[in-house]
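This is the structure I want to talk about, given as structure tokens.
The values are calculated or read from the model by the stated rules, or taken from the named source; none is laboratory data. Being a predicted model, the structure only gives us computed values, none of them experimental. With ideal geometry, Cβ positions are generated from the backbone for all residues, glycine too; neighbour counts draw on all protein chains shown. Calculation scope for accessible area: heavy atoms of the full protein, side chains included, ligands and nucleic acids excluded. Shrake-Rupley method; radii C 1.70, N 1.55, O 1.52, S 1.80 Å.
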Amino acid sequence: MTAMLRNRTLIPSFQRPPSRVMIRRAASYEQELGALIYESLVEFALPVKDKVVLLKANLVGLDPLGVMNTHPAVIAATRESFLRLGASQVLIGDGPAMDRDTEAILESVRLCEFVGPLAGVFVDLNIDEVERVPLATRASRLKELYFPRTVLGADLVVSMPKLKTHHWAGVTLSLKNMFGTVPGSCYGWPKNILHWAGIDNAILDINAAVKPDFAIVDGIVGMEGNGPIQGTPKPSGALIFGDDPVAVDATCCRIMGLLPDRIRYLAAAGTMLGHINSDKIQQLGEPIRAVRSVFTVLPEFSSLMEAA
């Protein structure tokens, strides 16, 4: 639980060193992603040798067309890359909020075709054994949450969302993706306790308790409009990597043509969990302008958009 205890420390932005975010072009899921992802991870020199890594994928629901979930090609290539880097075990996990049948979701996205047998590899975080974690931030009215032991016990947690808009939060990226660590076995489906507590505040509480150590965003094909489920596919041709999930999400917003400081939970996260200001983010790989692709949003979120 060492990594999780470290990440529960809240550090004001002005006391944090600059964060690093890398943007890599990736035109399609059919191209060779293994080398690209491995080379990108090498740049960050993550301490993964002999460690347990958890890839927290975004598996929202049944998705035979592969437009709403983290693509299995990205998940598989990431898993192989961490194993090449010396990780002793690389698990994949999620706790879908909208559907109790996680196995059906895995079948719909054909995860086993890309990863191989899932026994001992995939963990359904909805039904994993849990431990109680007091919340340090109290951004919401919640005082504690139960989290899966697989999440708490991993040496490195990697949030792997899809680049998407969200009909309640504005965007759903690496921070919002951590909703999937809250187990349905304790809080039901679709985990309404988090919505009743306020989505923005719940995102802050969850990430202060189990903040991911790294983020990889699948922006090869994202989703715009009425995301995270009923939106329109949006090709962006990019993978985004970073050692500060807040900075990764801020960079993703700029790729999407959105203003990160106008997304309530992200602006708040920038004060205690990471950086959103561009002068505090070391941009590696491609510049934002090279992959920028303006995403449409619902009318109630029009204020998030950058000026044309």
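Kindly indicate the residue of the range 183-203 that is hydrophobic (A, V, I, L, M, F, W, C) and under 14 Å from Val133 (Cβ atoms) and also surrounded by the most Cβ atoms within 10 Å (Cβ to Cβ) among those meeting that condition. First the steps, then the outcome.
To start, the set of residues in the range 183-203 that are hydrophobic (A, V, I, L, M, F, W, C) comprises 186, 189, 193-194, 196-197, 199, 202-203.
Narrowing the set further to residues that are under 14 Å from Val133 (Cβ atoms) leaves 186, 202.
Numbers: Cys186: 17, Ala202: 27.
The selected residue is Ala202.
Please tell me if Leu259 is crowded, with 20+ Cβ neighbours inside 10 Å, modelled with pLDDT of 95 or more and not hydroxyl-bearing (Ser, Thr, Tyr).
On the way: crowded, with 20+ Cβ neighbours inside 10 Å: no; modelled with pLDDT of 95 or more: yes; not hydroxyl-bearing (Ser, Thr, Tyr): yes.
In short, no.
Step by step: first the residues of the range 224-244, then only those that are within 17 Å of Ala73 (Cα to Cα) and among the hydrophobic types (A, V, I, L, M, F, W, C), then the one that is surrounded by the most Cβ atoms within 10 Å (Cβ to Cβ). Which residue is that?
Ile240
How about the range 89-107: which of its residues are open to solvent by 40 Å² or more (accessible area, probe 1.4 Å) and either farther than 20 Å from Pro148 by Cα or of a type in the set (Phe, Trp, Tyr) (or both)?
Selection gives Glu107 alone.
How many of the residues in the range 224-257 are assigned to a strand (DSSP E or B) and in contact with a Pro (Cβ under 9 Å, 6 or more places away or on another chain)? So that I can check it myself, show each step before the final result.
Looking only at the range 224-257, we keep the residues that are assigned to a strand (DSSP E or B), and these are 224, 232-242.
Next cut, in contact with a Pro (Cβ under 9 Å, 6 or more places away or on another chain) only: 224.
Qualifying residue count for the region: 1.
Further question: Test of understanding: among Met305, Met272, which residue is open to solvent by 10 Å² or more (accessible area, probe 1.4 Å) and modelled with pLDDT under 95?
Every option except Met272 fails the conditions.
Right, here's the next one. Within the range 28-71, track down each residue that is free of Cβ contacts under 8 Å to residues at least 12 places away in the same chain and part of a helix (DSSP H, G or I).
Ala35, Glu39 - these are the residues of the range 28-71 that are free of Cβ contacts under 8 Å to residues at least 12 places away in the same chain and part of a helix (DSSP H, G or I).
Within the range 205-223, does at least one residue satisfy the condition of being closer than 21 Å to Arg100 by Cβ, at pLDDT 95 or above and either basic (Lys, Arg) or open to solvent by less than 20 Å² (accessible area, probe 1.4 Å) (or both)? Full working, then the answer.
Keep residues of the range 205-223 that are closer than 21 Å to Arg100 by Cβ, which gives 206.
Adding the requirement that they be at pLDDT 95 or above leaves 206.
Checking which are either basic (Lys, Arg) or open to solvent by less than 20 Å² (accessible area, probe 1.4 Å) (or both) leaves us with 206.
Checked the range 205-223: at least one residue is closer than 21 Å to Arg100 by Cβ, at pLDDT 95 or above and either basic (Lys, Arg) or open to solvent by less than 20 Å² (accessible area, probe 1.4 Å) (or both).
In this structure, is Ser88 at pLDDT below 95 and polar (S, T, N, Q)?
No: the conditions fail for Ser88.
If I go through the range 30-53 residue by residue, how many of them are open to solvent by 30 Å² or more (accessible area, probe 1.4 Å) and hydrophobic (A, V, I, L, M, F, W, C)? Before the answer, list the steps.
First, the residues of the range 30-53 that are open to solvent by 30 Å² or more (accessible area, probe 1.4 Å): 30-32, 35, 38-39, 42-43, 45-47, 49-52.
Imposing the further condition that a residue be hydrophobic (A, V, I, L, M, F, W, C) reduces the set to 35, 42, 45-46, 52.
Of the residues in that region, 5 qualify.
Considering the range 240-283 alone, what residues qualify as being free of Cβ contacts under 8 Å to residues at least 12 places away in the same chain and aliphatic (A, V, I, L, M)? So that I can check it myself, show each step before the final result.
Within the range 240-283, the subset free of Cβ contacts under 8 Å to residues at least 12 places away in the same chain is 267, 279.
Of everything in the range 240-283, just one residue is free of Cβ contacts under 8 Å to residues at least 12 places away in the same chain and aliphatic (A, V, I, L, M), namely Ala267.
Another question, if that's okay. Exactly one condition in (1) touching a Leu at 6+ places or on another chain (Cβ under 8 Å); (2) surrounded by fewer than 17 Cβ atoms within 10 Å (Cβ to Cβ) is not met by Ala73; state its number.
Result: Ala73 fails condition (2) only.
Check whether at least one residue in the range 258-279 is within 20 Å of Leu175 (Cβ to Cβ), touching a helix residue (DSSP H, G or I) at 6+ places or on another chain (Cβ under 9 Å), polar (S, T, N, Q) and not in a helix (DSSP H, G or I), and report yes or no. Lay out the reasoning, then the answer.
First, the residues of the range 258-279 that are within 20 Å of Leu175 (Cβ to Cβ): 258-278.
Keeping just the survivors that are touching a helix residue (DSSP H, G or I) at 6+ places or on another chain (Cβ under 9 Å) gives 258-278.
Remaining after also requiring polar (S, T, N, Q): 271, 277-278.
Next, from what is left, pick out any that are not in a helix (DSSP H, G or I): 271, 277.
Yes, that holds for at least one residue.
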